[in-house]
Amino acid sequence: MFLSLGWSFLLVAFAAPQQAIVRPIHAERGIDISARVETMQGEVIFSHLGDVPRVLASNNKLLTMAAVVLGLPSNYRWQTCARLEGNSLRVFGNGDPSLRVLPDRNPPDEFATLLASRLLSASHPKLDSLIIDARAFISGRPPLWPSDQRYRPYCAPPSAMALEGSCISITPVSGKLTMSPDCGIRIKRKNKKGFWAGWISPDREVSVTWDGKAKGILQLAVDDPARVFGEWLLRALRRRGVAIAELRFAAQDDPDPWATETKTLLRFASAWDLADAVKVANRDSDNTLTETLLLTLAREKTGVGSLEAGLAEVHRQLSALGISPDAFSQADGSGMSRSSTPAVNVCAPSPLGRLLREMGEQDEAALFFDSLPVGGQEGHLRKILKDDVFQPGRVRAKTGWITGASSLSGFMLAPDDETVLLFSIVVNYQKDHTARTNNKRFRKMQEDVLKEVMEKWTTR
């Protein structure tokens, strides 16, 4: 919406109310704030230490997504492929994030059904082995992700071969516990009040406490998404009439299947294109999907699907926009990494605002802008920015929150329906487990600053 409107660039001098909101909180022990609101032309409306870098949390995704949409075509689609090698079947992929049950499709089931049909048509109802090849990515969780949260869905590792975002789901159905995907993981039930799960043996056995009454869905991240994918596909093909003796995994010295000129039995295209994936990643603040996009960017641009190559490519893409490599630091694509010495995933509101401004001038502006949730309506913005002054749909922004950091950055359409504003408000804090450092308080402060800007605009 904003990008199609004419822009006026008027410097409005009314920062005092915003300072009155920010400064008292910043003055508290263990709380630091950097904030900046400006026009698309770079005229500053409000700034509080806007040049001081802070830990971004999931606002780090803005840096990553900018590089991704600049570096890859909007219609890019991942592929999951299958190839016969003698009497073995090699299945290899490059990170399709849509291999999950979607509201209108079931891509994993479609893939298994189509693959079984091709095998049976090719007179291969019996195979010696199924080989899973996930070497397109150097996978695994980024090293600075919190180890004590590794099995939370938001800490699931990216992989070139993964189902359901590298997670399993446990759901009560008709008095029984069911698991998706069906990958042979054992469930050990404890008949006690409540409903929660934890790993007994990662990717092998899970303990579920359930009294037979509680409802809902439990999710756990897996350690080895490619193994879970292989166990699921083995069972899926067997159910469809293809006999397979064993499951194997590609050796490091196997030929690269992507470079091998042999007939491919099946090329299964992702249900999502790049625009779809970026939208989901930003709307849901999906860490695993963001890391997948970063690894995809790395592989397509450098031939190496590694975290290091991805971060280097982000620097390269943003440098071309005029964003200095010294203006930000990243330890991952998503913002989940934690470190105090040195701080990681750091950027100041000023260069972040420049990034937003420069992205508005690119051919890919619409894709980037449309991926950001609408204030009061979508994603993590559903419960904030609901005041009439922000409606209808005047704010497109990205939230961020990890323990110690709360951020909100994006675009805002002023009440004149012409002026587009850029904003970034980042709080870094030392958690003291009171309401003083509760993220709800920081969200209210961020919202109050933006509300003051909008209300003052109408009386300028």
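Any read-out appearing in this document is the output of simple, stated calculations on the displayed coordinates, not a laboratory observation. The model shown is predicted, which means the values in this text are computed figures rather than measured ones. A quick note on method: Cβ atoms are made from the backbone with ideal geometry, for glycine too, and the neighbour counts reach across all protein chains shown.
General observations
- Electrostatic bookkeeping for T292 treats Lys and Arg as +1 and Asp and Glu as -1; over the other residues with beta carbon under 11 Å from its beta carbon, the sum is -2.
- The GluC sites (Glu not before Pro) found in the stretch 259-345 that occupy coil by DSSP, while having at most 10 further C-beta atoms within 10 Å, are E261.
- Gyration tensor over alpha-carbon atoms, the stretch 78-186, equivalent ellipsoid semi-axes in Å: 27, 20, 13
- For the chain, adding -39500 (n - 2.57) for each run of n ≥ 4 DSSP H residues and dividing by the number of residues yields -9000 deg cm²/dmol at 222 nm.
- Taking a Cβ cut-off of under 12 Å around G95, the surrounding Lys, Arg, Asp and Glu residues balance to a net charge of 0, with basic ones at +1 and acidic ones at -1.
- In the stretch 317-422, the GluC sites (Glu not before Pro) that fall in loop regions by DSSP, at most 11 other Cβ within 10 Å: E361
- Taking chymotrypsin sites (Phe, Trp or Tyr not before Pro) across the stretch 422-460, none is in a DSSP loop with at most 10 further Cβ atoms lying within 10 angstrom of its Cβ.
- For the stretch 316-460, the spherically averaged projection of the C-alpha convex hull amounts to 9.7 nm².
- Fully extended contour minus Cα-Cα distance, from R186 to T403, at 0.36 nm per residue: 74.8 nm
- Over the stretch 333-460, relative contact order from alpha-carbon pairs under 8 Å, at least 6 apart, %: 18
- Rg over Rh, two decimals, the stretch 1-152 (C-alpha only, Kirkwood Rh): 1.18
- With an a/c value of 1.5 or above and a/b larger than b/c for the gyration tensor axes a ≥ b ≥ c computed over the alpha-carbon atoms, the stretch 415-460 is described as prolate.
- Normalised by the number of residues in the chain, the mean separation of alpha-carbon contacts (under 8 Å, six or more apart) gives a relative contact order of 24 percent.
- Among I402, I200, the order by Cβ neighbours within 10 angstrom, fewest to most, reads I200, I402.
- Pairwise FRET efficiency - I200 versus S147, Cβ, R0 = 22 Å, nearest 0.05: 0.75
- Length gained when the stretch V44-N75 is fully extended (0.36 nm per residue, less Cα-Cα span): 7.6 nm
- With contacts taken as Cα pairs under 8 Å at a separation of at least 6 residues, the stretch 245-345 carries a relative contact order of 18 percent.
- Ellipsoid equivalent to the chain - semi-axes via the Cα gyration tensor, in Å: 43, 25, 19
- Pairwise alpha-carbon distances in the stretch 301-372 exceed 13 Å for 70% of all pairs.
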